[in-house]
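In what follows, a structure is listed as structure tokens, so that the remarks can point back to it.
No lab work stands behind these numbers, since they all come straight from the coordinates. Model, not experiment: these values are computed from the prediction. Here Cβ is always computed from backbone atoms with ideal geometry, including for glycine, and neighbour counts include all displayed protein chains.
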Amino acid sequence: MISRKFILLSLLGAVACAQAPSSKEIESVYPDAHALYLDLHENPELSGHEVRTAEKLAARLRSTGYEVTEHVGGTGVVAILKNGPGPTIMLRTELDALPVDEKTGLAYASKVHAKDDAGRDVPVMHACGHDLHMAAILGTAEIMARSKNSWHGTLMLIGQPAEETIGGAEGMIRDGLFTRFPKPDVALALHVGNELPAGMVSITPGIYNTNSDSVRITIYGKGGHGAAPHTTVDPIVIAARTILALQTIVSREIKPGEMAVVTVGYIQAGTKNNIISDHAEMGLTVRTFKEDVRKQVLAAITRIAKAEAAAAGAPREPLVERYEGTDRVYNDPALAGRLRAPLEAALGKDKVVTAEPITPSEDFSYFVEQGVPGFYFSLGGADPGKFAEAKAAGTQLPSNHSPFFAPDVDPALRAGIEAEVAVLRNLLNASPDELHKLTADQQPH
């Protein structure tokens, strides 16, 4: 006798397979998506300055049949495709690149330079894979527009600016993202990286990544001649002692086993070797999983900075500023559980793995904080052969933000489109009530 459970699982498997895009569908959109990838990679733009990038993406989505609104929260793009009654599902991509000098050696490597917000001339590179994300969303958009008989509801595609400076999501929300446009029942996003071979994805139920806080410490001293340090209060020496003391926060103040990172990313002071400056500036990044640990670390940074300045007889207290930050991204566990089946059907069961939370951060959390259940998953970008070689040798492939970061485009882009279409079709074949019941009471308290 066949059990009800077996029948139910068989039906679910059949539904998931039906939602997976066919190879014919993928091949029909791949040339457009790949061409956009090459264009964007060669022509990257910095956070908040994604004018050409936004125009390019908006034009392509508009030509595909979407109702497109530009300049949302700056250079943000919102594309809507309505297909009868049903849920509203949002899929986000980022628009911005990084001030990194590309060293991949690719024929289509970026040679772009631009002025940053401080007026400095900097190289620009898509060193975080946002170009692949945009190419994937174009391919996905075209498939969804051509196959409206396979889903119902409203598809909402977001081109978000300034993810790298943790301002774009908040800016779009402030500009009415969820009031001028439909508020989604679910928000989705993916991110490519070299942690997995191209063609694979990973799911992380619950906490996906970290809280992030950017801290600037300005230490004030008393300037003077480098040959007469006794007449000065040297802020560089105070900064050096502060940097060393900051390392004891994680090693001596945080409970072993709790996640915390305190990194001093830069120190700037002085203009000449024989001049003692009157101030020094340090930039820190702080990463945590838990809110109480976050508060503890930030308080300790302020306490240590003030104490080291006082110990050196500084003329005034240092200025400690938390000038930007974002909360951790939280993946709704029930939603993650539901979407495993369509991902496995699209890519293969062995191509979908469960992963631990990661330490980078990102501002997708702002959408989740608006009461929208979220699912953020990782897309493999590594050349499978190089990945295997690195694993055997115990080495690491170039990470995101590296000048050598370059996804293995063909398998990664195809897998990205396949994954996005599969999860969208799954959710856009549910009712809003079904999704609300699925995700009720899943947010962490």
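Here are a few things to note about the model shown:
- Of all DSSP beta bridges in the chain, antiparallel share, percent nearest 5: 70
- Shape call, the stretch 211-326: gyration tensor on alpha carbons, a/c limit 1.5: prolate
- Burial order of peptide ranges 427-438, 211-222 (average beta-carbon count within 10 Å, highest first): 211-222, 427-438
- Vicinal HN-Hα couplings computed from phi for the stretch 64-70 (Karplus, 6.51 cos²θ - 1.76 cosθ + 1.60; Hz; Gly/Pro x): 8, x, 8, 7, 10, 10, 9
- Whether the stretch 324-403 is rounded, prolate or oblate, judged on the alpha carbon gyration tensor where a/c under 1.5 counts as rounded: oblate
- Nitroxide proxy distance, nm - points 7 Å out along Cα→Cβ at GLU389 and SER63: 3.8
- Given the choices (1) 1.05; (2) 1.02; (3) 0.95, Rg/Rh (Cα atoms, Kirkwood Rh) derived from the coordinates of this structure is entry (2).
- Between GLY325, PRO315, ALA260, the Cα set farthest toward the positive side of the dipole of the stretch 211-326 (charges on each charged residue's Cβ, about the Cα centre) is that of ALA260.
- Of the peptides 130-140, 86-96, 261-271, the order by per-residue mean of other Cβ atoms within 10 Å, starting with the highest, comes out as 130-140, 86-96, 261-271.
- Stretchable slack from ARG303 to THR231, in nm (0.36 nm times residue separation minus alpha-carbon distance): 23.3 nm
- The angle between the Cα long axis of helix 51-63 and the longest principal axis of the Cα atoms of the chain comes to about 10 degrees, rounded to the nearest 10.
- For the stretch 272-385: rounded, prolate or oblate by the Cα gyration tensor [a/c cutoff 1.5]: prolate
- 5 angstrom amide H check on LEU91, placed H, neighbours 5+ away: MET156, LEU157, ILE158, LEU188
- Acute angle (nearest 10 degrees) that the helix 291-311 long axis makes with the longest principal axis of the chain, alpha-carbon atoms: 20
- A simple spin-label model places pseudo-atoms 7 Å from Cα toward Cβ; at LEU244 and ASP116 they are separated by 2.9 nm.
- Helical contribution to [θ] at 222 nm, DSSP H n ≥ 4, -39,500 (n - 2.57), averaged over the chain, rounded to 500: -12000 deg cm²/dmol
- Each residue of the stretch 167-180 was assigned a 3J(HN,Hα) from its phi angle through the Karplus curve 6.51 cos²θ - 1.76 cosθ + 1.60 (θ = phi - 60°); the sequence is x, x, 5, 4, x, 5, 5, 5, 8, x, 3, 9, 10, 6 Hz, with glycine and proline shown as x.
- Sum of side-chain charges, ALA310 neighbourhood, beta-carbon under 12 Å (Lys, Arg +1; Asp, Glu -1): +2
- Test item: Cα-centred dipole of the stretch 211-326, Lys/Arg +1 and Asp/Glu -1 on Cβ, debye: 140
- Total formal charge among the other residues, if their Cβ is under 13 angstrom from that of HIS279, Lys/Arg +1 and Asp/Glu -1: -1
- For the stretch 353-365, the Karplus equation 6.51 cos²θ - 1.76 cosθ + 1.60, evaluated at θ = phi - 60°, returns couplings of 10, 9, 10, 6, x, 10, 8, x, 10, 5, 8, 4, 4 Hz by residue, with Gly and Pro reported as x.
- Cα-based helix-to-principal-axis angle, 384-393 vs the chain, degrees rounded to 10: 40
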